[in-house]
Amino acid sequence: MVKKAVRFLSLPFNRKLLYTEAYLNLARARILKSMPFHKVAKGLGVQAIETAADSNTNPTAIKDVATAIRIMSKHTIWESACLVQAIAAMKMLERRGIESTIYLGTAKDEKQNMVAHAWLRSGPYYVTGAKGMNSFTVVGMFAKILDKKVQH
């Protein structure tokens, strides 16, 4: 625990801010996950459409968000699985003026039980949940479409 704290403190200031932002967005997303989904869905974007897969994006910012979410989700004291990660990353990208789409999928596991997965795509990049996504059938999607005049 001490080694991790020392490692965090040795990071450049902008990286500390990014990781702190990721942690706080994971906390917010976890709270949202505990709410009825129909209430949360309103904030996820436009239902049943996708953002452009070939859009002119900021790959550096997308990679930074993906890395921060992946790393910080391992250090939360709460469950930060796929849906929590996707919602948190979407919020971070939105703050940077970058559009994204959350996909919700279902499949059956080896015991024929229904399982769910969520992943986030921005432009041609999969930000969260790419591992295993091809095993799931998309049952829902939400596109976060931003006003191009508003850049944070």
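The values are calculated or read from the model by the stated rules, or taken from the named source; none is laboratory data. Please read these numbers as outputs of a predicted model, since none were measured by experiment. Glycine also receives a Cβ, built like all others from the backbone with ideal geometry; neighbour counts cover every protein chain displayed. Note: accessible area is taken over every heavy atom of the protein model, side chains too, but ligands, DNA and RNA are not part of it. Shrake-Rupley method; radii C 1.70, N 1.55, O 1.52, S 1.80 Å.
Before moving on, here are some points about what is shown:
- In summary, the aspartates and glutamates within cross-link reach of K144, defined as a Cα separation below 17 angstrom excluding same-chain residues under 8 places away, comprise E50, D54, E94, E99.
- Taking the square roots of five times each eigenvalue of the Cα gyration tensor of the chain, the equivalent ellipsoid has semi-axes of 25, 21, 14 Å, listed largest first.
- Overall, the accessible surface of the chain at a probe of 1.4 angstrom is composed of carbon and sulfur to the extent of 59 percent.
- Entries in K91/K131; K39/K111; K16/K91; K39/K63; K39/K91 that, when Cα-Cα distance is taken, lie over 24 Å: K39/K111; K39/K63
- Taking all protein chains into account, the per residue accessible area for segment 11-102 stands at 53 Å² (1.4 Å probe).
- Normalised contact order of segment 50-140, rounded percent, pairs of Cα under 8 Å and 6 or more residues apart: 33
- Count Lys and Arg as plus one, Asp and Glu as minus one, and take only other residues whose Cβ is under 13 Å from that of L93; the net charge is then +2.
- GNM remark for the chain: springs join alpha carbons under 10 Å apart, and the peak mean-square fluctuation among I98, I71, I87 falls on I71.
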